[in-house]
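Only the coordinates and a few stated rules stand behind these numbers; no lab work does. Everything numeric in this text was worked out from a predicted model, so none of it was measured. Cβ atoms come from the backbone with ideal geometry, glycine included; neighbour counts cover every protein chain shown.
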Amino acid sequence: MGQSKPQPKPRLVKPAPVRGAAPSPPKPAPPPPKPVNDLADLDPFEAKMKRDPLPTSSEVRVVVLIARETETDRADGEAVAQSLTTLLSERRRPSEVRIEPIAPDGVAAALTRATQDAEQPIILIAASRQPWTAAHLDPLLQVLDLADHVVGHRRAGWFVELKRMLARWPWRFLMAVPAFDLNSPASIHRRDPWKGLILQSRGRFAQVEWLAKATFQTQIVSTVPIPPLDSIDLDAAGPHGVADRWAVLTQPRFQPNPA
């Protein structure tokens, strides 16, 4: 008995299009993903960490700190102020400059005087003896779109960085201070978060204090590398280091909650 031959598979023949028939409609494209522009679209953690970019024409309150009200310090402060005014003008940002001496009242009093009436959305604090350049200013402005405060981290050699690391370690452990360069003379801030901080320190500990209080209030603090820049004497009002530390650690002052 012979074997049956395998049957060929049926071939599917595509029917020829009928002349005059309307073409089949194209398949609709899938809808584009919904952009996440509203804080309501984010989860609570992402919403807390989101910051809207500031307009490129935002006005800046420039605060130039000088150590003492002397002719030399005043001349250095005016040179710093002039450099920043020129740089901001080139970037089409209006600015208002305040030059404030630290002595005799201290850092906290000088910063309070210079910023308490600020209406500008950006506050820039310069505590340097040297004029600024674009390499100092531009990184701060750029990162401020993503943060409440930005601190310039001056580039330095390994030995200086080691000393900075040892100096910041206790405050990073005790107060979660996020910055690397605790004596940085360059920082920039959004007005409302900055004005929500109450400073108590009269000397250089003011830098550690505002970093710690900003972090405690869940404000966003970022650091950005900048070229070297010499700082003024932040202890011009006197050696208040121990008293400042004790007051901030034992009796810290915060902005009262709104009623």
>> With the crude spin-label approximation of a point 7 Å out along Cα→Cβ, what separation in nm comes out for ASP52 versus THR86?
In response: 3.5 nm
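Can you tell me the alpha carbon radius of gyration of the stretch 163-208 divided by the globular rule-of-thumb value 2.2 N^0.38 Å? Don't jump to the answer; show the numbers that get you there.
Working: Rg = 11.5 Å, N = 46, 2.2 N^0.38 = 9.4 Å.
Cα-based Rg divided by the globular estimate yields 1.22.
May I ask you to compute the full-extension gain from LYS195 to PHE173, defined as 0.36 nm times their residue separation minus their alpha-carbon distance, rounded to one decimal in nm?
Details: separation 22, 0.36 × 22 = 7.92 nm, distance 2.56 nm.
Extending this stretch completely gives an extra 5.4 nm.
Given a Förster radius of 25 Å and the C-beta distance between ASP105 and MET165 as r, what FRET efficiency does 1/(1 + (r/R0)^6) yield to the nearest 0.05? Please report the intermediate quantities before stating the final value.
Values: r = 32 Å, r/R0 = 1.27.
With R0 = 25 Å, the Cβ-Cβ based efficiency is 0.20.
Could you give the length gained by full extension between VAL242 and GLU78, i.e. 0.36 nm per residue of separation minus their alpha carbon distance, to one decimal place?
Numbers: separation 164, 0.36 × 164 = 59.04 nm, distance 3.18 nm.
In short, 55.9 nm is gained.
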